[in-house]
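Below is one structure, written out as structure tokens; the observations come after it.
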2 protein chains.
Amino acid sequence: MKNILVIGAGRSTFSLIQYLKQHSTNEDWQLTIADFNEEWAKEKAGNHPRTKALKFDVGDAEARVSLIKEHDLVISMLPAHMHVSVAKDCIKYKKHMVTASYISDEMEALDDAAKEAGIVLINEIGVDPGIDHLSAMSVLDTIRAKGGKMLLFESFTGGLIAPESDNNPWNYKFTWNPRNVVLAGSGGAVKFKQEGQYKYIPYHQVFRRTEFMEIEGYGRFEGYANRDSLKYRSVYGLKDIPTIYRGTLRKPGFCRAWDSFVKLGMTDDSYVIENSADMTFRDFTNSFLAYNQHDSVELKLMHYLNIPQDSDLMDKLSWLGIFDSTKVDLEKATPAQILQHILEQKWSLEAGDKDMIVMHHIFGYELNGEKKMIESSMVTLGKSMEETAMAQTVGLPVAIAARNILNGNISTPGVQIPISKEIYKPMLAELKEYGIEFIEKEVPYKGY
Amino acid sequence: MKNILVIGAGRSTFSLIQYLKQHSTNEDWQLTIADFNEEWAKEKAGNHPRTKALKFDVGDAEARVSLIKEHDLVISMLPAHMHVSVAKDCIKYKKHMVTASYISDEMEALDDAAKEAGIVLINEIGVDPGIDHLSAMSVLDTIRAKGGKMLLFESFTGGLIAPESDNNPWNYKFTWNPRNVVLAGSGGAVKFKQEGQYKYIPYHQVFRRTEFMEIEGYGRFEGYANRDSLKYRSVYGLKDIPTIYRGTLRKPGFCRAWDSFVKLGMTDDSYVIENSADMTFRDFTNSFLAYNQHDSVELKLMHYLNIPQDSDLMDKLSWLGIFDSTKVDLEKATPAQILQHILEQKWSLEAGDKDMIVMHHIFGYELNGEKKMIESSMVTLGKSMEETAMAQTVGLPVAIAARNILNGNISTPGVQIPISKEIYKPMLAELKEYGIEFIEKEVPYKGY
């Protein structure tokens, strides 16, 4: 019998825990679901005979150690900065560990200790990061095995609303953490490489430098650049690749409209707006426009941002209510917090709404003197408000990785991300059984 | 006899040290000029009988204490973050101190100790901050003494090239620290208040939200907003004032052209450009524009920023050489460092060039039911490459404050800035003798 500990029982753990329960009898597992919020843990555990729920504070070192000691593998679904203390205990007591978060420098520094302890410590095994690694490395290794030379790698992921629930002018709703959406792209310049040339985009231009792509059966999308695409060169073994670009997907028109908020300064999270509680949505918008005794907020905004009155863009902005006299009612709020609040009035999921995760890779390479291109796309749809596309694509890879570690299929020790064949091959095969599948097709080569 | 210690002998100390030497016999002063760069100290000291030069490292606590102990008053012309250790020693050994820098939180925290020691510790007594405080408080106190109610306060300062040396399309040269010019406005949103409404401008729009003003004899200027105008409300006793705005002056057209660099991302100092040493100015410009195999860098830039080909703006950009094939030749440089380097090729002072400091305040108030407005302007011209307008306007207030402290005319102890009548009245009178004079005039009231 093996004991699995899941720390954190938030929204993203639904499919993870469902998978673990389903396999618990066959695999002879006992599950412990631990969360600071005991209700969440209980709800996720349900009445399952092999599952128990616990209230747990990860900051309580004594409780943490005694809990970890009782288990064979720990899955941490906590916020990224909370993983390290768990990881140190896992190393000390020789327990395997899985997280879906980006590897931090502190986590990376534990590599030697993890190897010495002989434990597998996999990070970045959710959707993005996670499924992007698995699917990209699978195609890259295939191309390289044939002797192909990589010329271009582009990769896009988007968490969106499913077509059946897409009923607003932005073609967007909050299917995940709204704060991350509001702050997306902020905090530093974008870096990438196109045809051998390094390219940089400042935050305030990111949403005007998009590119379009078509995904079969789902129509057109636009991608805006993620912060640092360059670091993926070393991760994926693409040191000298002339073009590398990673981005985020939206439906067309979203980025140009979002750019209005960036240009106005509404996405700034670094200072507090005076009297934020007493102002209206309209006052908030006006605070970014010059004073004038007579001119309307609408006209000032259209003129400042050079937006035609009869444009879709102006429709999108008006529909959100940024010119309305609704009270903000948030004390000491930053512009980004107020904007999030305004967006939540309109972009929150309604009962029955389904989400969608879209991933799209483009691989350009040269083989036997010929330039070739492969596109590889995945679309996962939410099945319910609980079994969302996000919960499936984050949780299933984590669960499958855990199973493979406990079965000995993944056994190379150390702190790692899922880029080795040992990991991605069985995982992609099993994800396919759950409907998480990439459609690959050769397309005519086009450069950037 | 009194002993004065001047720490720091850089460019801004010319007029300061000249003043101290000139008064040293009458006042019976001995001067010590101390700098880490002994040559600078010697050069500034010259052969003056009452002046000696020393090599001095402010980080050497023992040397610092023994030097401070020998003097009655210390003038620190070091960079702002180096003042605090000097200030602590001054308090310990009961020596007065003067600096031209913004008061830091650490400095402010020494107020009680300075009061207890009975020493005067004046900060912000250069030009901006410094002369702006003196001149603004003088008018504000006069208005308030008459029973006027303040409605509006705007204040602008610019370090510019004098008209006689103004011979380039930007009407601008580096008359002071180029790095500060390149980074001006970055690092946070601008905050001010117009007619009772709080207004915010994100960094990337600051140079598009300017206002024009006319200064008699010197023509038209444009002002862009400084970062936080709101904090001056408490400093100047303007708690409920409906309009407060502080800005920086340039000649018209500068800001719109500078905005191109901001929009491209060239003023970013947060990351290093790849291969910066090997790239040309043209490559640098191109790195902020989308890849295209055929289109020229010029056309891509004009299209991206929506600049007509036949505009003054395009003239300004081309004249600077940003499309030239000159090598950058800087290792691991940030965009801001490379931009500074490009600008220094064209904006550096030539032999004989003179600088100019321009200050312009606007006061709006209500008196006996009538709305009134006063404009108060000062223009100081450089006399030589050494006796620049900057050296005069920074150094003379510091020197005059030191003399008034030693004479007992300024005697209120504590950490302070020059906003009390005790300080500004004698200082403005003496500055006038040196040609640093404000022209006040009543103008018809106009709101914002």
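Residues are listed down the side, and each one gets a yes or a no for (1) loosely packed, with under 15 Cβ neighbours inside 10 Å; (2) of a type in the set (A, V, I, L, M, F, W, C); (3) more than 29 Å from A:M356 (Cα to Cα):
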site: A:T25; (1), (2), (3): yes, no, yes
site: A:I33; (1), (2), (3): no, yes, no
site: A:P49; (1), (2), (3): yes, no, yes
site: A:A53; (1), (2), (3): no, yes, yes
site: A:K92; (1), (2), (3): yes, no, yes
site: A:H96; (1), (2), (3): no, no, yes
site: A:D105; (1), (2), (3): yes, no, yes
site: A:E124; (1), (2), (3): no, no, no
site: A:A136; (1), (2), (3): no, yes, no
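Scan segment B:37-70 residue by residue and report those that are in contact with a Leu (Cβ under 8 Å, 6 or more places away or on another chain), closer than 19 Å to B:V86 by Cβ and hydrophobic (A, V, I, L, M, F, W, C). Hits for segment B:37-70 are B:A41, B:L54, B:F56, B:V58, B:L67, B:I68.
Listed by position, the strands (runs of 3 or more DSSP E) inside segment A:364-448 whose residues that are small (G, A, S) and more than 14 Å from A:G126 (Cβ to Cβ) number at least 2 are A:370-381.
Selection within segment A:266-307: residues that are buried (at least 22 other Cβ atoms within 10 Å of the Cβ) and of a type in the set (G, A, S). The member of this set that is nearest to B:L230 (Cα to Cα) is A:S287. The test for being of a type in the set (D, E), out of contact with any helix residue (DSSP H, G or I) (no Cβ under 7 Å at 6 or more places or on another chain), within 11 Å of chain A (Cβ to nearest Cβ) and more than 21 Å from A:R208 (Cβ to Cβ) does not hold for B:E350. In this structure, is B:E195 in contact (Cβ under 8 Å) with a residue 60 or more places away in the chain, within 11 Å of another protein chain (Cβ to nearest Cβ) and touching a strand residue (DSSP E or B) at 6+ places or on another chain (Cβ under 9 Å)? Criteria met by B:E195.
Condition check ((1) over 19 Å from B:I417 (Cβ atoms); (2) without any contact (Cβ under 8 Å) to a residue 60 or more places away in the chain; (3) surrounded by 14 or more Cβ atoms within 10 Å (Cβ to Cβ); (4) among the acidic types (D, E)) across all residues:
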| site | (1), (2), (3), (4) |
| --- | --- |
| B:A61 | yes, yes, no, no |
| B:V86 | no, no, yes, no |
| B:D89 | yes, yes, yes, yes |
| B:I119 | no, no, yes, no |
| B:G130 | no, no, yes, no |
| B:I143 | yes, no, yes, no |
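Quick check on B:Y19: is it of a type in the set (F, W, Y), in contact (Cβ under 8 Å) with a residue 12 or more places away in the chain and under 23 Å from B:M390 (Cβ atoms)? Criteria met by B:Y19. Say whether the condition of being of a type in the set (A, V, I, L, M, F, W, C) and free of Cβ contacts under 8 Å to residues at least 40 places away in the same chain is met by at least one residue in segment B:390-397. For segment B:390-397, residues of a type in the set (A, V, I, L, M, F, W, C) and free of Cβ contacts under 8 Å to residues at least 40 places away in the same chain: absent. So which residues in segment B:222-238 are charged (D, E, K, R) and within 13 Å of chain A (Cβ to nearest Cβ), if there are any at all? Of everything in segment B:222-238, those that are charged (D, E, K, R) and within 13 Å of chain A (Cβ to nearest Cβ) turn out to be B:R227, B:D228, B:K231, B:R233.
B:A41 falls short on exactly one of the conditions (1) surrounded by fewer than 17 Cβ atoms within 10 Å (Cβ to Cβ); (2) free of Cβ contacts under 8 Å to residues at least 40 places away in the same chain, and that condition is (1). Just to be sure before I move on: is A:H23 at pLDDT below 95 and either assigned to a helix (DSSP H, G or I) or charged (D, E, K, R) (or both) in the structure I sent? Here the answer is no, as A:H23 does not meet what is asked. A single member of A:E366, A:E344, A:E370 is more than 14 Å from chain B (Cβ to nearest Cβ) and either over 30 Å from A:D132 (Cα atoms) or touching a helix residue (DSSP H, G or I) at 6+ places or on another chain (Cβ under 7 Å) (or both), and it is A:E344. Restricting attention to segment B:422-448, the residues being within 14 Å of chain A (Cβ to nearest Cβ) and among the small types (G, A, S) number 1. Scanning segment A:145-160 for residues that are in contact (Cβ under 8 Å) with a residue 40 or more places away in the chain, out of contact with any helix residue (DSSP H, G or I) (no Cβ under 8 Å at 6 or more places or on another chain) and among the aliphatic types (A, V, I, L, M) yields A:L151, A:L152, A:L160. For the residues A:S296, A:S287, A:S260, the requirement of being at pLDDT 95 or above and over 21 Å from A:H204 (Cβ atoms) singles out A:S296. Residues in segment B:196-220 that are over 21 Å from the mean Cα position of the chain (by Cα) and more than 18 Å from A:Y304 (Cβ to Cβ): 4 in all.
Could you go through segment B:176-191 and let me know if any residue there is farther than 20 Å from B:L339 by Cα and in a strand (DSSP E or B). So far as segment B:176-191 goes, yes, one or more of its residues are farther than 20 Å from B:L339 by Cα and in a strand (DSSP E or B). Report, by residue number, each residue of segment B:63-84 that is closer than 12 Å to B:N3 by Cα and free of Cβ contacts under 8 Å to residues at least 60 places away in the same chain. B:K69, the sole residue that qualifies. Hey, any hits in segment A:175-188 for a residue that's basic (K, R), under 26 Å from B:Q205 (Cα atoms) and more than 14 Å from every other protein chain (Cβ to nearest Cβ)? Yes, there is a match, as at least one residue in segment A:175-188 is basic (K, R), under 26 Å from B:Q205 (Cα atoms) and more than 14 Å from every other protein chain (Cβ to nearest Cβ).
Selection within segment B:300-314: residues that are modelled with pLDDT under 95 and of a type in the set (D, E, K, R). The member of this set that is farthest from B:H341 (Cα to Cα) is B:D310.
Restricted to segment B:194-217, and to residues there that are charged (D, E, K, R) and closer than 10 Å to A:A290 by Cα, the residue that is surrounded by the most Cβ atoms within 10 Å (Cβ to Cβ) is B:K199. The criterion of at least 1 residues that are within 14 Å of chain A (Cβ to nearest Cβ) is met by the following helices (runs of 4 or more DSSP H) wholly inside segment B:248-332: B:254-264, B:281-286, B:297-305. What about B:V358, is it closer than 25 Å to B:F207 by Cα and modelled with pLDDT of 95 or more? So B:V358 fits the description; yes. Restricting attention to segment B:337-350, does a residue exist that is in a loop (DSSP other than H, G, I, E, B), touching a Gly at 6+ places or on another chain (Cβ under 6 Å) and in contact (Cβ under 8 Å) with a residue 60 or more places away in the chain? The answer is no; no qualifying residue exists. Got at least one residue in segment B:200-210 being assigned to a helix (DSSP H, G or I), touching a Pro at 6+ places or on another chain (Cβ under 8 Å) and either more than 9 Å from every other protein chain (Cβ to nearest Cβ) or in contact (Cβ under 8 Å) with a residue 40 or more places away in the chain (or both)? Taking every residue of segment B:200-210 in turn, at least one turns out to be assigned to a helix (DSSP H, G or I), touching a Pro at 6+ places or on another chain (Cβ under 8 Å) and either more than 9 Å from every other protein chain (Cβ to nearest Cβ) or in contact (Cβ under 8 Å) with a residue 40 or more places away in the chain (or both).
The values are calculated or read from the model by the stated rules, or taken from the named source; none is laboratory data. A quick note: this is a predicted structure, and the numbers were derived from the prediction, not measured. Every residue, glycine among them, receives a Cβ derived from its backbone with ideal geometry; neighbour counts consider all protein chains shown.
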